[in-house]
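For reference, the structure is listed below as structure tokens.
The values are calculated or read from the model by the stated rules, or taken from the named source; none is laboratory data. Note that the structure is predicted; figures quoted are calculated from it, not measured. Quick reminder, even Gly has a Cβ in these numbers, built from the backbone with ideal geometry, and neighbours come from all protein chains shown.
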Amino acid sequence: MQAELLSDFYGTAVDHARLTSALDKVRLRTNAMSATFHLFERTPERLRHRWQSSCSNTPAQMDRMALLDDLNPRTIAEYNPERTAPSLLEDHYLPDSFQPEVRKWQEQLRVFGMGRFLAARITLDAKREVGIALHGRIDGSALDEASSAFLMELMPHVREAVGLSASIAADRQTQRYVYSAMDGLRHGIITCDAQGTILSINPAAAALLSRACDQCAMGRFRIGGTVPRSLLGREDPGRRGRIFRWNAGLRELHVSTTKLHGIADQERSPFLGEGDAGWIVVLADLSARPAMATADYVLTFGISQAEAQLLSHLVMGGDVADFAIQRDVSIHTARSQLKALMSKMSASRQSDLVRLALAAPASTLVAAPFD
């Protein structure tokens, strides 16, 4: 098995373009006209295409053929039994009753210069299978005699390479979910290494730091940049991190820092090096206006629109008398609304209403406009 071919298949996990290179090497190794990769989902009736990739010599029109599983006799589940070991499929394996359909299907491929069909597949997981298909030429140049043995030897490597790609893709998806959640937070969140190099930063953190730091450009606070060293400081003995006020010249921020300790030694990757623990830094501007809109209060606490407006007014520091004037209602009506609101939210004091509102999840998860 050629080392360069296998490196391309395994390299697909980080660069999908290398799959085309791998398929080109398969095509050359087998003297095929075309080599294609297939990802199937197994159903009781057929192997359903979920993705296909082709070598550089495969006609572009062939990609449309993967959408026609119901017309393709080669995908019938009965003639593609589920196996953990590699298996081959050639047209003569299909029963005589399907040969007219096979010939009809193959005639569509001959238009593109594609002749003899040879494929191998292997189970990927409980629902999916992967396959490599070869098509010979119609000019009489036959597939290499060792093509079948070559595919059977190759398929376990293909399964491992695809499994690695799927694992990395899942990790990247999880990372995107985490970053998306961080981007929606009202507070600033930064992760950095022990030297202060930024590993991740959400928009709230970048905006808060840029507004707080004297003579600092917002472009400085990005992945690969550095946080001001005074944001990290030293750990307090007996505590995981620190909570403090931080002023860099323009605005005071409240900061919480927590040291991120590495994974257990037995799980540590030897390729990452030792290094020191990193940090997570949480920033908040307590002078900023609360983030929740009136509609959020209605949904969160199950209160009416008028009651939500009163609650929003209280959270912003107003009192009942001001609310009555703004809404052009009597103080008695405003106080009745306050009493009803406190009853619905099980609050014994007006300050409890504000506390409940500020502690609501939506007040943290909904990004506030930067003012």
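Would you say residue 117 is under 18 Å from residue 10 (Cα atoms) and touching a residue at least 24 places away in the same chain (Cβ under 8 Å)?
Values: under 18 Å from residue 10 (Cα atoms): no; touching a residue at least 24 places away in the same chain (Cβ under 8 Å): yes.
No.
Against the condition of a type in the set (D, E, K, R), under 29 Å from the mean Cα position of the chain (by Cα) and crowded, with 20+ Cβ neighbours inside 10 Å, how does residue 129 come out, does it pass? Before you say what the answer is, go through the steps one by one.
Working: of a type in the set (D, E, K, R): yes; under 29 Å from the mean Cα position of the chain (by Cα): yes; crowded, with 20+ Cβ neighbours inside 10 Å: yes.
It is true that residue 129 is of a type in the set (D, E, K, R), under 29 Å from the mean Cα position of the chain (by Cα) and crowded, with 20+ Cβ neighbours inside 10 Å.
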Checklist entry - In the range 177-207, what residues are assigned to a helix (DSSP H, G or I) and more than 18 Å from residue 224 (Cα to Cα)? => result 177, 178, 180, 181
Item to check | Residues being within 46 Å of the chain's Cα centre (by Cα) and among the acidic types (Asp, Glu) - total across the range 315-348 | outcome: 1
Next on the checklist: Let me confirm something: among 73, 95, which residue is under 16 Å from residue 38 (Cβ atoms) and more than 31 Å from the chain's Cα centre (by Cα)?
Outcome noted: 73
Checklist entry - Is it the case that residue 199 is buried (at least 19 other Cβ atoms within 10 Å of the Cβ), more than 22 Å from residue 27 (Cα to Cα) and either touching a Cys at 6+ places or on another chain (Cβ under 8 Å) or without any contact (Cβ under 8 Å) to a residue 12 or more places away in the chain (or both)? => result no
Checklist entry - Can you name the residue in the range 285-314 that is buried (at least 17 other Cβ atoms within 10 Å of the Cβ), under 30 Å from the mean Cα position of the chain (by Cα) and not in a loop (DSSP other than H, G, I, E, B) and, of all such residues, is modelled with the highest pLDDT? => result 300
Next on the checklist: Of the residues 256, 269, only one is among the small types (Gly, Ala, Ser) and at pLDDT 75 or above; which?
Outcome noted: 256
Next on the checklist: Of everything in the range 21-48, what is closer than 19 Å to residue 70 by Cβ and basic (Lys, Arg)? Give them in sequence order.
Outcome noted: 42, 46, 48
Checklist entry - So which residues in the range 76-92 are within 20 Å of residue 36 (Cα to Cα), in contact (Cβ under 8 Å) with a residue 40 or more places away in the chain and acidic (Asp, Glu)? => result none
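This table checks each residue for (1) modelled with pLDDT of 90 or more; (2) in contact with a Gly (Cβ under 9 Å, 6 or more places away or on another chain); (3) assigned by TED's automatic domain parsing to the domain that holds residue 20.
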position	(1), (2), (3)
105	no, no, yes
118	yes, yes, yes
129	yes, no, yes
149	yes, no, yes
Item to check | Test: residue in the range 315-331 that is in a helix (DSSP H, G or I) and within 25 Å of residue 205 (Cβ to Cβ) | outcome: yes
Checklist entry - Say we look at the range 45-66 and pick out the residues that are among the basic types (Lys, Arg) and out of contact with any Leu (no Cβ under 7 Å at 6 or more places or on another chain); which of these is nearest to residue 131 (Cα to Cα)? => result 48
Checklist entry - For the range 139-176, how many residues are acidic (Asp, Glu), in contact (Cβ under 8 Å) with a residue 12 or more places away in the chain and part of a helix (DSSP H, G or I)? => result 2
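Looking only at helices (runs of 4 or more DSSP H) that lie completely in the range 1-119, which have at least 3 residues being in contact with a Cys (Cβ under 6 Å, 6 or more places away or on another chain) and either of a type in the set (Ser, Thr, Tyr) or surrounded by 13 or more Cβ atoms within 10 Å (Cβ to Cβ) (or both)?
The helices (runs of 4 or more DSSP H) meeting that bar are 17-30.
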